[in-house]
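Worksheet: the structure to be examined is printed underneath.
Quick note: the coordinates plus some simple rules give every number you see, no bench work behind them. None of these values were measured; they are calculated from a predicted model.
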Amino acid sequence: MIYDHVFGFTRPPFERGLQSDELFRAPLLDELHQRLLYLVETRATGLLTDEPGSGKSTALRRLRDELHPEQMRTLYLHDTAVNPGDFCRQIALELGLEPSFSRALTLRAIQQEIARLADERHLTVLLVLDEAQGLRPDVLALLPLLTNFEWDNRAPLAVLLAGQSGLRQILFTNLSGLGLREAFRRPRGKVSLDPWCSPFGNSLADLRRPDKTG
């Protein structure tokens with residue numbers, strides 16, 4: 001391409017396959033990265049939204065690449081338009097488990113494996129739900145169950161929902177309709193980014209990419 005010669009590039013500068021250490025470290029994106037790391041460290045539930053092509057997937061890849069594999073186990077799901085049984089089966093397979101015929105038994109096996117990873121290997125599990133605007137209300141209803149360990153007395157699991165800008169309103173509407181908003185208000189960790197305020201209270205933090213215009 002002509003700009004290769006004009007600017008002295010040795011390869012196209014906007015390829016998808018850039019490694020995290022090759023990314024331009026803009027201050028605002030570094031701030032987002034630190035907020036994502038804080039979400040993981042506090043094992044909270046967070047929300048990352050922005051328009052298509054704005055860099056959400058790049059931010060997620062950078063987070064994945066910079067998490068220490070001896071401290072973290074990252075589960076990534078992008079096929080979110082599924083029923084509750086298939087949702088649990090996907091998580092089980094990501095954990096290396098054989099899904100049960102029963103959704104309830106699969107969910108229990110998932111929780112037991114996450115607890116085992118925390119207790120025996122001292123790992124934090126991060127569940128990333130990409131394209132989360134496709135989550136069905138009955139799948140959203142599983143999230144409070146999935147994150148409830150030992151009578152809701154511990155948090156070995158962090159959850160990050162990522163999607164397009166309308167995701168926030170979709171979650172707000174669906175959780176309200178299911179009567180689940182209070183289930184997301186428990187303060188397991190808060191990451192807020194003024195001037196936006198999450199409608200879900202403390203534990204579902206709003207991590208949208210900062211507006212470059214301030």
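So the values come out like this:
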item	result
Karplus-derived HN-Hα couplings along segment 131-136 (A = 6.51, B = -1.76, C = 1.60, θ = phi - 60°), whole Hz, x at Gly and Pro	6, 5, 5, x, 5, 7
Table column - 3J(HN,Hα) (Hz), segment 35-50, Karplus curve with 6.51, -1.76, 1.60, x for Gly and Pro	5, 5, 4, 5, 4, 5, 4, 8, 6, 9, 10, x, 10, 10, 10, 5
Kirkwood hydrodynamic radius over Cα pairs of segment 64-172, then Stokes diffusion coefficient at 20 °C and 1.002 mPa s, in µm²/s	149 µm²/s
Under 5 Å, built H, 5+ apart or other chain: amide partners of residue 161	46, 47, 48, 129
Under 5 Å, built H, 5+ apart or other chain: amide partners of residue 149	154
